[in-house]
Amino acid sequence: MAEKRDPTLRVTMLPRDTNARGTIFGGVILSHVDLAGAIVAARLGSRNFVTRAIHEVDFIAPVYVGDVVSLYAAVHKRGKTSVTIKVDVEAERFNEPGTIVKVTAAEVIYVAVDKSGKPTPIA
């Protein structure tokens, strides 16, 4: 039996998010990846986190208008001032309810910063 997971973020894709081919812009998906990762990073303590890098993003399958995109994010690695969050992205097809397709995955690195923007230890 498949493991039950709760998404960190779930979004329905809208017509405003499409490119000229009628699929969702990769940049829109990346924005949601960054947001899902930031949600997990914020749970590590009352620190401000900034995005340092997004690694190894492969777009495996297209996303279409109406698809419900679920982003699953979890801590992959934790350092003194940074954290790497692994984000998996799946789409439930609008025209095929119950059909789930993996569309991308990424690792996002966040750095905890103080009020002056300098790296600070994660509590």
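Here are some notes:
- Dipole in debye (nearest 20) - region 1-111, about Cα centre, beta carbon charges: Lys, Arg +1; Asp, Glu -1: 500 debye
- Per DSSP, loop trypsin sites (Lys or Arg not before Pro) in region 27-123 with at most 14 further Cβ within 10 Å: R43, K80, K115
- Cβ-based exposure ranking for E107, E90, E56, in which fewest neighbours within 10 Å come first: E56, E107, E90
- Under 14 Å, Cβ to Cβ, from L71 - net charge with Lys/Arg +1 and Asp/Glu -1: -3
- Hull-based mean projected area of region 9-113, where the convex hull spans the alpha carbons, in square nanometres: 6.7 nm²
- Projecting the Cα atoms of T120, T12, A105 onto the dipole axis of the chain, where Lys and Arg carry +1 and Asp and Glu carry -1 at the beta carbon, places T120 farthest toward the positive end.
- Charge tally for V108 (other residues, Cβ to Cβ under 10 Å; Lys, Arg +1; Asp, Glu -1): 0.
- Rounded to the nearest 0.05, the FRET efficiency derived from the C-beta distance between V113 and I39 at R0 = 22 Å is 0.80.
- The Cα center of region 31-48 and the Cα center of region 5-22 differ in position by 19 Å.
- Per-residue HN-Hα couplings for region 77-90 [Karplus 6.51, -1.76, 1.60; θ = phi - 60°; Hz; x = Gly/Pro]: 8, 10, x, 5, 10, 10, 9, 9, 10, 8, 10, 9, 10, 10
- Label-to-label distance for K80 and E56 is 2.6 nm, based on points extended 7 Å past Cα in the beta-carbon direction.
Bear in mind that the values in this text are calculations on the coordinates, not laboratory data. These numbers come from a predicted model, not from an experiment. Using ideal geometry, Cβ is built from the backbone for each residue, glycine included, and neighbour counts are taken over all protein chains shown.
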